[in-house]
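Step one of this worksheet: look at the structure below.
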Protein chains: 6
Amino acid sequence: MTGIVKTEIQRPEHMIVEELAAAGVATVHEAMGRTGLMRPYMRPIFAGARLAGPAVTVSLPPGDNWMIHVAIEHCQAGDVMVVAPTSPSEDGYFGELLATSLKAREIQALVVEAGVRDTRELTEMRFPVWSKAVSAQGTIKQSLGSVNVPIVCAGVPVAPGDIVVADDDGVCVVPADHAWAALEAARERLKKEDAMRQRLAAGELGLDIYGMRERLAEKGLKYE
Amino acid sequence: MTGIVKTEIQRPEHMIVEELAAAGVATVHEAMGRTGLMRPYMRPIFAGARLAGPAVTVSLPPGDNWMIHVAIEHCQAGDVMVVAPTSPSEDGYFGELLATSLKAREIQALVVEAGVRDTRELTEMRFPVWSKAVSAQGTIKQSLGSVNVPIVCAGVPVAPGDIVVADDDGVCVVPADHAWAALEAARERLKKEDAMRQRLAAGELGLDIYGMRERLAEKGLKYE
Amino acid sequence: MTGIVKTEIQRPEHMIVEELAAAGVATVHEAMGRTGLMRPYMRPIFAGARLAGPAVTVSLPPGDNWMIHVAIEHCQAGDVMVVAPTSPSEDGYFGELLATSLKAREIQALVVEAGVRDTRELTEMRFPVWSKAVSAQGTIKQSLGSVNVPIVCAGVPVAPGDIVVADDDGVCVVPADHAWAALEAARERLKKEDAMRQRLAAGELGLDIYGMRERLAEKGLKYE
Amino acid sequence: MTGIVKTEIQRPEHMIVEELAAAGVATVHEAMGRTGLMRPYMRPIFAGARLAGPAVTVSLPPGDNWMIHVAIEHCQAGDVMVVAPTSPSEDGYFGELLATSLKAREIQALVVEAGVRDTRELTEMRFPVWSKAVSAQGTIKQSLGSVNVPIVCAGVPVAPGDIVVADDDGVCVVPADHAWAALEAARERLKKEDAMRQRLAAGELGLDIYGMRERLAEKGLKYE
Amino acid sequence: MTGIVKTEIQRPEHMIVEELAAAGVATVHEAMGRTGLMRPYMRPIFAGARLAGPAVTVSLPPGDNWMIHVAIEHCQAGDVMVVAPTSPSEDGYFGELLATSLKAREIQALVVEAGVRDTRELTEMRFPVWSKAVSAQGTIKQSLGSVNVPIVCAGVPVAPGDIVVADDDGVCVVPADHAWAALEAARERLKKEDAMRQRLAAGELGLDIYGMRERLAEKGLKYE
Amino acid sequence: MTGIVKTEIQRPEHMIVEELAAAGVATVHEAMGRTGLMRPYMRPIFAGARLAGPAVTVSLPPGDNWMIHVAIEHCQAGDVMVVAPTSPSEDGYFGELLATSLKAREIQALVVEAGVRDTRELTEMRFPVWSKAVSAQGTIKQSLGSVNVPIVCAGVPVAPGDIVVADDDGVCVVPADHAWAALEAARERLKKEDAMRQRLAAGELGLDIYGMRERLAEKGLKYE
């Protein structure tokens, strides 16, 4: 079941991807019914990046980054490479040279449930990476993995072509066939939040805006 | 024992609070006899905030942020909301909308032994948060907790009205009835450190300034 | 076996140290055959520092920083103090006053497998520290340890006079007698990377540059 | 996407399940190409249980075990209930009363990526549980989850009807449509291991039995 | 605030303590409104102990067990010594010699948020310990702490004379002035559980016994 | 620096090894001046083993157990194999087949800073293993490491021929050239403990036996 590269994947419409990027991780995660969020140990190497793109998935062995080299060839401009080792590792699978290669191919970002190195250079290049650790620990190129097969990354299933949304809050994955529904729910949510924000900024309380007082009383909340 | 909101709490004198904020966490923790420091996993979402304020405490269930909404109403300008779930959680209890509400009420900051989201927006708003994790994971509004009851947050007991001091080093709690003693000890310490700093900057050694050489010799230290 | 201060240590040639600093942690770690890297929990308190220097080693008890005071006297300009407690601790062994003292002696940096405090002040002073935690927790001055004995810090053996290389990727240790070999391997590597970088930036693939396709096919990689 | 109970699931043939149970986790994991193994923090509450059964999956909120009650009704004799909260939790989702109910329905075992309580009683009842923690922390019955939807438990995707294999080494999941292939590979492996075991017990070396010496020499291994 | 030994404490009635011991941790924790439970990393060194007793509290420095010696003198038969270091430590604070001393004084058990050693001997002596770690790491006798002051142990506030309940599920603390209420609630709960157990063992479902179906439907649960 | 097998190592006298085994980890660690203890996450797979033996060291890559096969040939009866991956791993490096091979060669035990599998079979064979994790995760045989070079295992430097002492408390390493000194210190300690144990069992207090009261008073301990 290993050693497979699926060269063709279906990518979502560009417009959806862009709008989900703008909505951001927290909103998209809510729009998805609170699913799809990777574990909070997935952190960006620099603050401020906010993006979305189709996932190119990479499954590889612990301490071996060979399949990242294989995967690059099958990425398109705007893709986000999502990498998960088959057993937990914090080794440094990715650094400046690989980032140079990904950038040359206009790949947008890397999400890796492992370590990353050359963080200073990556930051200077503004190549965004979400990772579990920063580590210079070198990896080898000895064993096969697979490209564009379904994987689990940081607790979340990712299929090739799913939409990866990432910002300072972490990483969220939208399954390709939920993209439209997620987008509409996100739009709805953003609109409501806008109205909310103004009322809250004016000093109104969530208790009143959401009409929570009655339900709190029913549950037995007592003021002393 | 749950489902209680104490609406009135006693707050410390403003002057004490301000001076403790200026002294900072490390100094106040020392002035308190090295007590009151929350676990080091409590980290600020952006660097540079340094503040102190009376604690409004919130105890709530894992994955449920309803009581934060309840607590806002009972905060005053300058308060610091301190939130601890009844069992460990890294979910995102707090984000930009709640921060807008807290800011409208001039609440100074949030300390939460759980996750927080919308960190980019919170940083832009300069609303300081110390938390255990960054996570977009949504929470629900289903179960009661309590406001202004004694809690344990990140290993430290916090009573409503205790003084919370927070900066880049973490979070320290000064029990209300130790405030004066802590302040005086902090002042003393700052004065001594000032003198110390100048001598150390001039190249003198702590070994000599503190007169440690004799005690080291007594303990049997050997130079080879 | 404790309570010993070795006052004289052998330091590496300045030129080697400087060049290893410029090469950086990831390159030096590779040049060392992927050895010498401290655990990834060793993080800098501010981004951007990149340095190397001879190790002055300090072994001390949990929660006791007395030996740091002892060690300062035996450091020279450019040294890096490397501190490891004899059992795991996240207490704040080091802060602004000690940093003032180290700076006065032109000690370059601190590497400590424990906590550090006054991080704001240390950042303003630009005194670089790599540590396992940020914590204001105070330490005592009661028990002896040793200075300039071999230690294990964050998983790596460090002898006095070994070269410590540190940057945003972490900390790497070059044993004194491997310094020349490491330097030459690092130079070699940097040269190759330079050539590589240009080809990758031009869009060539690692698969082709490194000639990996044949070996991948031999291992049985299948494209679908 | 939540609040759904799929009442009918397809279960694998009994014979396959039995034989996989006998093969055990390590062998089945190998037979699956080293996939399907849950994270090693999933530990049995008592040693010696070794079993396999069709998965009935339960997705539920952190700190809320309501859906376990819902799921029982849709289990059959021999099933293994697999429970994963939607965000990490170590609360005690399951204890003696629920175990009594599962036992009455002849459900074989529980796998829960959270905490479990009443471990003494469960051990006396010989009701096997694999969990992430032992914790008496109570849970609530307030929010919906789903039964028999695809979940991720301890890093592994589990669909209803997949075969769960569990013993002292942990938990492994065999997707329903790989069951036959896994079984055949497991049989093959067991046969080979049997032969191997005898030769190794007689003092032969793996180096010779597997013919590794040549490949080691090629790779450059040096004996000194 | 350190260096204090309170020699006299108030102990709860023996009958209450015995009955809480019999009820066990999970039941008492529920009877307390789901409060008082120590973090799940507090584990017994051998299975099967189930006890309760008045807390004698010990606050001490990391890596220093001097105050345990001080505390013994102020314990009575049946007491449970509860020990928490002022900063996290996994050192071995306690072993066979101290256990011999505690046993001679008929102290029932030790609860320590740190490490313990000589676990084989302790098991043979049947002296029960709940600890955070097993570690042979030696501690010193250099610095004062306090005996019978309020502490926080594994996340829970403990005052001298509070009732500590401990079994295979962990450790729970009942504040002295809640003892009667906790006992009555525990009795109530045990009675209900008894009835429950019989119905569940007979194959009835919690869904029906608790009448949950209607509320599930209201919440929108759908069967497919 | 990798790919080396040192075939000849110097082993300590059998008598020393036996006596250290009988003394046990806690005593030997104390006799060594509280050094040499591996991190407390190194746990035995079954309780009750207590042994010592000369270390045969194995350094190998993450997820690759090839060098264990290489090392067996260079072990003698009574040796303890000590295995450390070059970057952290919890994979299952060792199971029943390898144990069969080690047993055939009368190797006493395995210490591995990683995972182990087939724990039920290993327990039935009574082959003792101390490991960081239990995990069935398979490893490969692709990359070289080294045998009988100095390594760091679980925080402790281990050279080939050093004496490994292991029991239910964990693992301690005695450098070969400290063996005699450690043994004598251990004997001394055991004698003293014997006397101590009797006095403590008779109800005397450590406070009095060690004469601690005066020093406690000097430090300022106050009884209230």
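A few points about this structure:
- Every test in (1) in contact with a Phe, Trp or Tyr (Cβ under 9 Å, 6 or more places away or on another chain); (2) open to solvent by 20 Å² or more (accessible area, probe 1.4 Å) is passed by residue B:41 save one, and that test is (1).
- Any hit, segment A:151-170, residues being in contact with a Pro (Cβ under 8 Å, 6 or more places away or on another chain), open to solvent by 40 Å² or more (accessible area, probe 1.4 Å) and of a type outside the set (Val, Ile, Thr): yes
- Any chance residue E:132 is among the basic types (Lys, Arg) and away from chain F (no Cβ under 14 Å): no
- In segment F:189-214, the residues that are more than 7 Å from chain E (Cβ to nearest Cβ) reach residues that are among the aliphatic types (A, V, I, L, M) with C-beta atoms within less than 6 angstrom, at least six apart or across chains, in these pairs: F:189/F:31; F:199/F:209; F:213/F:207.
- Within this structure, residue A:82 fails the test of being at pLDDT 95 or above, farther than 28 Å from residue C:169 by Cβ and crowded, with 24+ Cβ neighbours inside 10 Å.
- A single member of F:140, F:209, F:163 is of a type in the set (Val, Ile, Thr) and within 30 Å of residue D:31 (Cα to Cα), and it is F:140.
- Number of the exception - residue A:203 against (1) among the small types (Gly, Ala, Ser); (2) surrounded by fewer than 18 Cβ atoms within 10 Å (Cβ to Cβ); (3) closer than 18 Å to residue A:50 by Cα: (3)
- On inspection, residue C:126 fails the criterion of being at the interface with another protein chain (Cβ under 10 Å from one of its Cβ atoms) and open to solvent by 30 Å² or more (accessible area, probe 1.4 Å).
- Pairs, first within 14 Å of residue F:129 (Cα to Cα) in segment F:165-179, second in a loop (DSSP other than H, G, I, E, B) and open to solvent by 40 Å² or more (accessible area, probe 1.4 Å), C-beta under 7 Å, six or more apart: F:167/F:50; F:168/F:47
- Residue within segment B:98-110 that is touching a Ser or Thr at 6+ places or on another chain (Cβ under 9 Å) and more than 30 Å from residue D:141 (Cβ to Cβ) present: yes
The values are calculated or read from the model by the stated rules, or taken from the named source; none is laboratory data. Keep in mind that this is a model prediction, so the values were computed, not measured. Note that each Cβ is placed from the backbone with ideal geometry, even for glycine, and that neighbours are counted across all protein chains shown. Note: areas computed on protein heavy atoms with side chains; ligands, DNA, RNA excluded. Shrake-Rupley method; radii C 1.70, N 1.55, O 1.52, S 1.80 Å.
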